[in-house]
Amino acid sequence: MDERWIQQRAAAGEDSETEFKSARQRDGKFSVNAESVAESVAAFANTDGGCLLVGVDDGGAISGCGRAEDCDAIQRQIVSACRDLIRPGLYPNLRSVIVGGQRVLVVTVPAFVAGRPFGVNGRYRLRVGPTKQDATPADLRRMLQSADFHFDEQPVRGATRADLDAETLQSAYDASVAGRGPGPGVESWLRATHCVAADGTPTVAGLLMFGAAPQTSAVLIDARVVAVRVPGVVPSMTFTDRQEFVGTLPVQFAAAVAFLQRHTENRSVLQGTQRIDERPPGIVPDSALREVVLNALCHRDYAIASPVRIVVYDDRIEVTSPGDLVNRLTIAAIKVGTASISRNPVLSERLRRHVLGREGLAFGIPTMIEVVKSVGLPEPEFEVQGGVFRVTISTVQRARA
């Protein structure tokens with residue numbers, strides 16, 4: 001979000017994500033219409049977010065917000081309007097940018113804001129193209145139903161478009177539009193998939209899928225996987241192997257699966273009390289290993305400062321991810337595949353498409369359970385305890401008497 005970006009937006013005109021607002025000069029001082037600003041910000045928050053460019057005339061001309069002190073005064077006006085006139089109060093991000101020698105205020109409203117619908121003087125409006133329209137009763141119901149805040153769609157403060165790796169992003173875009181004719185272009189695709197906000201700021205999902213170094217952001221410092229191999233069958237601080245995987249989620253996924261494959265190549269069979277080392281038919285299938293890692297990365301709570309943990313014992317694999325089950329989701333619903341609630345809907349779709357491709361989206365927990373049982377291993381165990389979700393897969397096949 002720099003001078004060039006604002007000039008391009010101003011030249012393109014208003015749309016569903018952009019509105020212009022001139023700063024009026026009265027008695028030698030610049031100001032804005034507080035109620036009009038509040039209505040615009042609320043409309044963006046009720047729809048898909050956007051940017052209000054203050055200091056840009058309706059026709060796209062850069063008129064500015066006056067001197068530095070004038071610009072500061074307008075910022076205070078906007079903050080007060082969003083806090084006092086919008087119900088519930090809103091706090092958008094404000095930034096001053098010099099464009100052609102003129103100061104322009106960029107008021108950014110994220111795509112998802114907890115608390116909507118937002119009203120001004122009892123009136124609820126939506127952003128439709130370059131206009132604001134009154135919300136219908138059906139619109140209000142939809143906003144209430146979608147009011148849950150998805151952390152993965154949150155813009156990461158301080159992140160810029162330059163934080164996304166160009167090669168990784170281009171590869172993902174090419175795979176997404178392959179065989180579908182001309183695509184919308186990378187930038188439009190990023191906004192449509194909620195990987196960047198309206199102003200181009202990468203979201204949590206955008207950084208985790210395409211970031212050059214996602215963990216350098218304070219928000220995502222613990223978005224990583226810790227994997228250990230513990231000899232024996234009880235928890236211990238003695239490791240024969242310990243690794244941490246960082247980077248994008250596709251990179252973490254591949255590394256974590258490789259770790260599990262490396263440490264489950266040879267398992268044991270129990271005959272009575274005697275352990276016989278061999279490679280039995282009950283080896284955990286790769287598809288099950290991939291699903292348990294994929295599920296942990298897709299559905300963990302990234303707002304919690306804790307990594308995904310993988311522990312391989314002699315007799316089992318334990319994969320633990322931060323976060324309780326979402327809303328009224330239950331383990332029983334997960335096991336039979338009737339659950340459709342996702343904590344991270346953007347990440348879930350993007351990562352599953354990357355790993356499984358367009359036609360592989362149906363693989364999930366129910367299929368994983370059947371795959372594990374088909375090779376003679378016990379059904380995986382699922383539990384929620386202490387704010388974490390744990391999946392345990394036995395790697396020991398008991399021989400029949």
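Quick notes on this one:
- Number of positions in region 354-401 that are open to solvent by 30 Å² or more (accessible area, probe 1.4 Å), in a helix (DSSP H, G or I) and at pLDDT below 85: 4
- The set of residues in region 111-139 that are under 22 Å from R24 (Cα atoms) and assigned to a loop (DSSP other than H, G, I, E, B) contains only P130.
- Filtering region 335-346 for residues that are modelled with pLDDT of 85 or more, open to solvent by less than 20 Å² (accessible area, probe 1.4 Å), of a type outside the set (D, E) and within 19 Å of V246 (Cα to Cα) leaves a non-empty set.
- Restricting attention to region 140-158, the residues that are part of a loop (DSSP other than H, G, I, E, B), of a type outside the set (G, A, S) and at pLDDT 75 or above add up to 4.
- Filtered residues of region 195-222 (kept if surrounded by fewer than 24 Cβ atoms within 10 Å (Cβ to Cβ) and of a type in the set (A, V, I, L, M, F, W, C)): A198, A212, A213, A218, V219, L220, I221
- Flag if E291 is touching a helix residue (DSSP H, G or I) at 6+ places or on another chain (Cβ under 6 Å), closer than 16 Å to F382 by Cα, at pLDDT 90 or above and acidic (D, E): yes
- Subset of region 225-250 (residues that are in a loop (DSSP other than H, G, I, E, B) and crowded, with 17+ Cβ neighbours inside 10 Å): V230, V246, G247, T248
- Only a single criterion out of (1) out of contact with any helix residue (DSSP H, G or I) (no Cβ under 7 Å at 6 or more places or on another chain); (2) within 25 Å of A205 (Cβ to Cβ) is not satisfied by L140, namely (2).
- Members of region 76-108 found to be basic (K, R) and either farther than 28 Å from L144 by Cβ or in contact (Cβ under 8 Å) with a residue 12 or more places away in the chain (or both), listed by number: R76, R87, R95, R103
- Test: residue in region 160-177 that is more than 29 Å from R123 (Cα to Cα), open to solvent by 50 Å² or more (accessible area, probe 1.4 Å), out of contact with any Lys or Arg (no Cβ under 9 Å at 6 or more places or on another chain) and part of a loop (DSSP other than H, G, I, E, B): yes
- Restricting region 282-316 to residues that are of a type outside the set (A, V, I, L, M, F, W, C) and in a strand (DSSP E or B), the residue that is nearest to G247 (Cα to Cα): R309
- Sub-6 Å Cβ pairs linking a first residue in region 167-187 that is touching a residue at least 40 places away in the same chain (Cβ under 8 Å) and farther than 15 Å from F210 by Cβ to a second residue that is among the charged types (D, E, K, R) and not in a helix (DSSP H, G or I), at least 6 apart or interchain, number zero.
- Pairs, first at positive phi in region 9-27, second assigned to a loop (DSSP other than H, G, I, E, B) and surrounded by fewer than 20 Cβ atoms within 10 Å (Cβ to Cβ), C-beta under 9 Å, six or more apart: G13/G59; G13/G60; G13/P130
The values are calculated or read from the model by the stated rules, or taken from the named source; none is laboratory data. Values in this document were obtained by computation on a predicted structure and should not be read as measured data. Cβ sites come from the backbone with ideal geometry, for glycine too, and all protein chains shown count toward neighbours. Ligands, DNA and RNA are stripped out before the accessible areas are found, and what is left, the full protein with its side chains, is counted by its heavy atoms. Shrake-Rupley method; radii C 1.70, N 1.55, O 1.52, S 1.80 Å.
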